[in-house]
Amino acid sequence: MRKHKILTMKRVLSVIVMLFLVTKIYAQQDPQFSQNMFLTAPVNPGAAGIKGMHCVDLVARQQWTGFEGKPETGLLSYNAPVSAFSNFGFGGVLTYDRLGPMENVFFKLNGAYHINIGSNGGKLGIGLDLGMIQKAINKDLKWADPADLLAASLAGASDMAFDVGFGLFYYKPIKSGNGLYFGVSGQKLLPQELTLGMANPKIRQHAYITTGYVHRASKEIVLKPNMLVKTDLTSTQIDVNLSAFYKESIWLGGSYRVQDAIVANVGFKTKGVKIGFAYDFTTQGLANP
């Protein structure tokens, strides 16, 4: 049964990759995470440095645990204000994403200019990011028909493209018990086409809308609802989350990814470092045979 499950999953992953590369069916290409409430700067360059502190994010994600060739994703990002220019922020993002035999690497640098708005400490960040995208297919790729020259050309193929993004991000820190943020951004804005063997997959443009609110329910408990909308104008993904923080040191929360999963997350903060864990309970039909 175990062998049958692995072989079945290999076929599923191969089919997904082939559909993505060879046909005109394109899914969202940006990686997916479950702790979006902490990852504003990686998807919106306007958020770079807007909190006035050095921020480092390190995230690892695994899907379909137990299957060979399962999707794996990792993200490392950094953003901070420019000390010599208080209204500027900068940062960088490195993302690795693997689905079966297909590997994606995204790297970008971002910068933002912050405009003070009102007397409540609110800021509007206007940001731009520039980077590179690399897509590659493992040379050990297997395909059903040995005579399929198009599929054979994919094995070991790789190509690179430019990555350009733009974002607007409004942030108001906690004052009088409440705070909020709201942002809109576009990623992979340059229409491009890669060359992988005989296939020519397109780089699709992505748009993000992210918003969150911070409400101090009591002296010790803070509630943080937030939402992320991601779309490539073909398919749209919506994540909604509510997290409760106790003394800003322990949090417990839940998310719903529309038509995909229910997510539980928990974590703690110590000496300025947050450590968290999230688990997705899929609402789709995928299950172990």
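Some notes on this structure:
- All positions within segment 69-82 that are surrounded by 19 or more Cβ atoms within 10 Å (Cβ to Cβ) and under 13 Å from the mean Cα position of the chain (by Cα): L75, S77
- Unmet requirement for D57, which otherwise passes all of (1) surrounded by 19 or more Cβ atoms within 10 Å (Cβ to Cβ); (2) in contact (Cβ under 8 Å) with a residue 24 or more places away in the chain; (3) under 22 Å from F277 (Cα atoms): (2)
- Given (1) in a strand (DSSP E or B); (2) open to solvent by less than 50 Å² (accessible area, probe 1.4 Å); (3) not basic (K, R), number of the condition L128 does not satisfy: (2)
- Assessment of segment 60-68 against the conditions (modelled with pLDDT of 85 or more, charged (D, E, K, R) and under 11 Å from the mean Cα position of the chain (by Cα)) yields at least one matching residue.
- Among residues of segment 83-104, those that are surrounded by fewer than 16 Cβ atoms within 10 Å (Cβ to Cβ) and part of a strand (DSSP E or B), counted: 4
- Considering residues of segment 164-199 that are modelled with pLDDT under 85 and in a loop (DSSP other than H, G, I, E, B) only, the residue least open to solvent (accessible area, probe 1.4 Å): G177
- Against the numbered list (1) open to solvent by 30 Å² or more (accessible area, probe 1.4 Å); (2) modelled with pLDDT under 95; (3) among the aromatic types (F, W, Y), F107 comes up short only at (2).
- Residue, farthest from I133 (Cα to Cα), within segment 208-226, restricted to residues that are open to solvent by 10 Å² or more (accessible area, probe 1.4 Å), at pLDDT below 95 and aliphatic (A, V, I, L, M): A217
- Taking (1) open to solvent by 70 Å² or more (accessible area, probe 1.4 Å); (2) in contact with a Phe, Trp or Tyr (Cβ under 6 Å, 6 or more places away or on another chain); (3) within 30 Å of F162 (Cβ to Cβ) in turn, T236 satisfies each apart from (2).
- Test: residue in segment 160-173 that is in contact with an Asp or Glu (Cβ under 9 Å, 6 or more places away or on another chain) and on the phi > 0 side of the Ramachandran plot: no
- So G122, is it in contact with a Phe, Trp or Tyr (Cβ under 9 Å, 6 or more places away or on another chain) and buried (at least 16 other Cβ atoms within 10 Å of the Cβ): yes
- Condition met for G118 (out of contact with any His (no Cβ under 9 Å at 6 or more places or on another chain) and closer than 24 Å to S86 by Cα): yes
The values are calculated or read from the model by the stated rules, or taken from the named source; none is laboratory data. What you see is a predicted model, and the numbers here were worked out from it, not measured in a lab. Positions of Cβ are backbone-derived with ideal geometry, glycine not excepted, and every protein chain shown enters the neighbour counts. These accessible areas exclude ligands, DNA and RNA; they are computed on the full protein's heavy atoms, side chains included. Shrake-Rupley method; radii C 1.70, N 1.55, O 1.52, S 1.80 Å.
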